[in-house]
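Below: one structure, written as C-alpha cells.
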Amino acid sequence: MCGRFSLSTPPTEIANHFGLDEEPVLEARFNVAPGQSIATVSGSGEDNRPVLSLRRWGLVPSWAKDSKIGNRLINARAETVAEKPSFRSALRRRRCLVPADGFYEWAGSKSPKQPYFIGLGGRALFAFAGLWERWSDPEGEPLESCTLLTTAAAEHLRAVHHRMPVIVEPADYGHWLDPAIKETDLVSPVIDRNRGSALDFYPVSQYVNDVRHDGPRCLDAIAGQPGFF
C-alpha cells in the first residue's frame, strides 16, 4: 500500500514536468497523509491538456451515501481495480497522475515498525497512477477525491513492504490520462513498465509517524545509515 508521500519539488519544475499551462501554487510537503488535499494531474478539454487540481486523498464513489468510505479507499489494487464497483467507473473515465518525489513505508512485524523513505535518486519528481471521482453530499456540495493504484513491490523493495504504488513512466503520461484508451489496454502495460526497479530506500526516524510533522526533518536518514541523496 501507500499511506504517506512527499512533494517538495518547486512548482516550476512540476509545471515543466507535466506540461502544465500554468505554474501551480503549492507548498512543499514532506508528509502527505490520507484525508488531505493532494495535487493531481488530469486531462481537460477536447485536446486533453494536463491540468493540476487539488483532490482529497481517499476516493468517494459517486454512489456513496457517506464520504467516510474514502477513509478505506486510499489505494486500489491494480490487479483487481477493473472489477471493483468502487473504482470501475473512475478507471474508465477519470484517471489521473499524482505528482510525488518520494513515499514512505513501514517494515517489521512488531510495533513500532521502522519507517523508510523510498524514491528516485536526487529525490527526482515522478507520478503515481491515480483515479479520481466526483461526489455530492445531501446538500449538493461537491467533493472531488482520488486514490492511488498499487501493485506487487519490486523485488529489492520487498524487504520493506510487499506492495508499492504504481509509478507511471513519463512516456505513458498521455496514455494514462486519455479517456479514449480502454482501461483493459492500459493497466497491464503501465504496471509492466512500473518504475519500481529504479527506486531506492533508507530508514528514517519515527518522527514521520505523526501526521502533524510535515517538514524536511521527515526525510532525514537515521545516523550511520546509508542514503541515496
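Just so it is clear, none of the values below were taken in a lab; they were calculated from the coordinates. No experiment lies behind these values; they were computed from the predicted model shown. Glycine also receives a Cβ, built like all others from the backbone with ideal geometry; neighbour counts cover every protein chain displayed.
Apply the a/c threshold of 1.5 to the C-alpha gyration tensor of the stretch 35-109 and tell me whether it is rounded, prolate or oblate. It is oblate, given that a/c is not under 1.5 and a/b is not larger than b/c. Exposure proxy ranking for TYR116, TYR207, TYR104, TYR173, based on other Cβ atoms within 10 angstrom of each Cβ and starting from the fewest, stands as TYR207, TYR173, TYR116, TYR104.
For the stretch 60-163, pairs of C-alpha atoms spaced more than 18 angstrom apart make up 57 percent of the total.
For a modelled paramagnetic label at SER188, 7 Å from Cα along Cα-to-Cβ, the residues of the stretch 92-109 in reach, with backbone nitrogen under 18 Å, are 92. Over the Cα atoms of the stretch 84-229, the radius of gyration divided by the Kirkwood radius equals 1.01; this is the Rg/Rh ratio. For CYS96, nonlocal amide neighbours, meaning residues 5 or more places apart or on other chains whose placed amide H falls under 5 Å from its own, are GLY130, LEU131, TRP132. Phi angles across the stretch 117-125 convert, under the Karplus curve 6.51 cos²θ - 1.76 cosθ + 1.60 with θ = phi - 60°, into 3J(HN,Hα) values of 9, 10, x, 7, x, x, 6, 5, 6 Hz, Gly and Pro given as x.
Taking label positions 7 Å along the Cα-Cβ direction at both SER62 and THR12, the computed distance is 4.0 nm, reported to one decimal.
With a Förster radius of 30 Å, plug the Cβ-Cβ distance of ASP220 and ASN71 into 1/(1 + (r/R0)^6) and report the FRET value to the nearest 0.05. Please report the intermediate quantities before stating the final value.
Values: r = 29 Å, r/R0 = 0.97.
So the FRET efficiency works out to roughly 0.55.
Please tell me the relative contact order of the chain in percent, rounded to the nearest whole number, where contacts are Cα pairs under 8 Å and at least six residues apart. Mind dumping the intermediate values first?
On the way: 503 pairs, mean separation 49.7, N = 229.
Once divided by the residue count of the chain, the mean separation gives 22 percent.
What does the extension gain come out to for TYR207 and SER89, with contour length at 0.36 nm per residue minus their alpha carbon separation?
Result: 38.7 nm gained on full extension.
Placing pseudo-labels 7 Å out from each Cα toward the beta carbon at ALA159 and ILE181 gives an inter-label distance of 3.4 nm.
Restricting to the chain, what percent of DSSP beta bridges are antiparallel, rounded to 5? Don't jump to the answer; show the numbers that get you there.
Values: 40 of 45 bridges.
Counting DSSP beta bridges with both partners in the chain, the antiparallel share is about 90 percent.
Of the trypsin sites (Lys or Arg not before Pro) in the stretch 144-229, which ones lie in a loop per DSSP and count no more than 11 other C-beta atoms within 10 Å? Present the calculation step by step, with values, prior to reporting the outcome.
On the way: sites: ARG158, ARG163, LYS182, ARG193, ARG195, ARG212, ARG217; in loops: ARG158, LYS182, ARG193, ARG212.
Loop-located and lightly packed - LYS182, ARG212.
If R0 is 30 Å, what FRET efficiency do you get for GLU23 and SER111 from their C-beta distance, rounded to 0.05? Walk me through the numbers on the way to the answer.
Numbers: r = 42 Å, r/R0 = 1.40.
Once the sixth-power term is evaluated, E becomes 0.10.
Can you give the extra length, in nm with one decimal, that the chain gains between GLU169 and ALA152 once fully stretched, where that is 0.36 nm per residue apart less the Cα-Cα distance?
On the way: separation 17, 0.36 × 17 = 6.12 nm, distance 1.67 nm.
Computed gain between GLU169 and ALA152 is 4.4 nm.
Treating each Cα of the stretch 1-145 as an identical point scatterer and summing with the Debye formula, the log10 of I(q)/I(0) at q = 0.20 Å⁻¹ comes to -1.32.
Over the stretch 17-80, calculate the relative contact order: mean separation of alpha carbon pairs under 8 Å at least 6 apart, over the residue count, as a percent.
27 percent
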